[in-house]
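The values are calculated or read from the model by the stated rules, or taken from the named source; none is laboratory data. What you see is a predicted model; the values in this text were computed from it and never measured. Backbone-built Cβ (ideal geometry, glycine too); neighbour counts: all protein chains shown.
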Amino acid sequence: MNALLIILGLFKSPDVYHSTLTYGTLLLLPALGGVISERSGVVNIAMEGMMLTGAFFAVVADLAWHNVWLAVLVAIIAGGFMALIHAVVSIRYHADQIVSGVAINIVAAGLTVFLLNQFYGVQEIGSVAPQFLIPNIKVPVLDAIPFIGPIFFEQNLVVYIAIILLVAINIILFRTRLGLRLRAVGEHPSAADTAGINVYTLRYGAVIASGLLSGLAGAFLSIGLSNTFVPNMTDGRGYIALAAMIFGKWTPLGAFAACLIFGLGQAIYDNTSIIPISPYFLSMLPYILTLVVLAGLVGRSIPPAADGIPYEPGNE
């Protein structure tokens, strides 16, 4: 009973909502990438590996060049490169998209550990200097608004970028010709092909875009939140983003709402020191939520009709 009262008391603090938005944004970026990829008809469960690769190369570049913006760019490119591999294997060679995604996640986990030992000979890279981290931004005047200010107007720069991307991607998907074509490719690629739409180009672009967004999420994790890189530091967040995408029914706004729910679980875990509950139990919250979402909604959420089906002209 006391634990429940303490947890309820947490919701009176803006810090919990601030952390919820921060962690929700970390999941939102790959979730948006998943929405784009799967709307085009390509299943992407490799976001975990793309995030991990981006996180690693962001720290490597930041330590090498002492330029946070160049480090972010390197992370984005690294994520995009991993996505390109997934795209070639899945689209060009018609491989099983689930197997390809799992393989990329395994390769990313092993590759980053290998390179970590080769470059540094250690199990963990040292901390990045504060001046070379992605900055937190305080919006003048607005940050002074009671309760609301600390939640929305004292966030990391990537949070604001992610919100802009959320709005932009939602508009592109549902209000533009490009979005209509992308959705057509994911629903009925043969009809889209007959109408003169290049199915392969759109699918390649969508998968690579998912990698770019996942790479940005990796940079946010390593040089925005953690200030270092440790092996497997993504800790399943790519899979949680996948669950958020399903929970959100393959829509950007729905995925964002789901990401906030998962972010709340992480925010509660961050306050374990004042909650008389085992921290190990609380650390399971995001993953328990993931299982509940997948078990309860996978059968009822309807993905794009051609999602996961390789396109071969003349075979439909």
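Does G49 qualify as being under 27 Å from Y311 (Cβ atoms) and either in contact with a Cys (Cβ under 7 Å, 6 or more places away or on another chain) or crowded, with 24+ Cβ neighbours inside 10 Å (or both)? So G49 fits the description; yes. Before we move on, is R183 among the charged types (D, E, K, R), modelled with pLDDT of 95 or more, assigned to a helix (DSSP H, G or I) and within 19 Å of I77 (Cα to Cα)? In short, no.
Quick check: anything in the range 3-16 surrounded by fewer than 24 Cβ atoms within 10 Å (Cβ to Cβ), at pLDDT below 90, in a helix (DSSP H, G or I) and under 21 Å from the mean Cα position of the chain (by Cα)? The answer is yes; a qualifying residue exists. Within the range 244-262, the residues that satisfy the criterion of being in contact (Cβ under 8 Å) with a residue 24 or more places away in the chain, over 17 Å from S214 (Cβ atoms) and outside any loop (DSSP other than H, G, I, E, B) are F247, L253, L260, I261. Check whether at least one residue in the range 199-221 is over 20 Å from M82 (Cβ atoms), surrounded by fewer than 20 Cβ atoms within 10 Å (Cβ to Cβ) and touching a helix residue (DSSP H, G or I) at 6+ places or on another chain (Cβ under 8 Å), and report yes or no. For the range 199-221, residues over 20 Å from M82 (Cβ atoms), surrounded by fewer than 20 Cβ atoms within 10 Å (Cβ to Cβ) and touching a helix residue (DSSP H, G or I) at 6+ places or on another chain (Cβ under 8 Å): absent.
Looking only at the range 49-61, decide whether some residue is part of a loop (DSSP other than H, G, I, E, B) and either under 22 Å from I240 (Cβ atoms) or under 17 Å from the mean Cα position of the chain (by Cα) (or both). No; the residues of the range 49-61 include none that is part of a loop (DSSP other than H, G, I, E, B) and either under 22 Å from I240 (Cβ atoms) or under 17 Å from the mean Cα position of the chain (by Cα) (or both).
For the range 179-188, the set of residues classified as free of Cβ contacts under 8 Å to residues at least 40 places away in the same chain, among the hydrophobic types (A, V, I, L, M, F, W, C) and closer than 22 Å to R92 by Cα consists of A184 only.
Tally up the residues in the range 121-169 that are touching a residue at least 60 places away in the same chain (Cβ under 8 Å), aromatic (F, W, Y) and part of a loop (DSSP other than H, G, I, E, B), please. The qualifying residues number 1.
Among the listed residues L297, L289, which satisfies the condition of being of a type in the set (A, V, I, L, M, F, W, C), under 17 Å from the mean Cα position of the chain (by Cα), modelled with pLDDT under 75 and within 23 Å of G101 (Cβ to Cβ)? The unique qualifying residue is L289. Based on what the data block shows, is A103 of a type in the set (A, V, I, L, M) and more than 28 Å from V43 (Cα to Cα)? For A103, the condition - of a type in the set (A, V, I, L, M) and more than 28 Å from V43 (Cα to Cα) - is not met.
When you scan the range 70-79, do you find a residue that is surrounded by fewer than 23 Cβ atoms within 10 Å (Cβ to Cβ) and assigned to a loop (DSSP other than H, G, I, E, B), even just one? The answer is no; no qualifying residue exists. Going by the conditions given, is Q123 touching a helix residue (DSSP H, G or I) at 6+ places or on another chain (Cβ under 8 Å), loosely packed, with under 13 Cβ neighbours inside 10 Å, at pLDDT below 95 and closer than 18 Å to V230 by Cα? Taking the combined requirement at face value, the residue satisfies it.
Within the range 189-226, being assigned to a helix (DSSP H, G or I), of a type outside the set (G, A, S) and free of Cβ contacts under 8 Å to residues at least 12 places away in the same chain holds for T194, T201.
I'm checking my understanding of the structure. Among residues of the range 232-243 that are assigned to a helix (DSSP H, G or I) and either out of contact with any helix residue (DSSP H, G or I) (no Cβ under 6 Å at 6 or more places or on another chain) or modelled with pLDDT of 90 or more (or both), which one is surrounded by the fewest Cβ atoms within 10 Å (Cβ to Cβ)? Going through the qualifying residues, I end up with Y239. The residues on offer are L178, L173, L182, and the sole one that is of a type outside the set (F, W, Y) and surrounded by fewer than 18 Cβ atoms within 10 Å (Cβ to Cβ) is L178.
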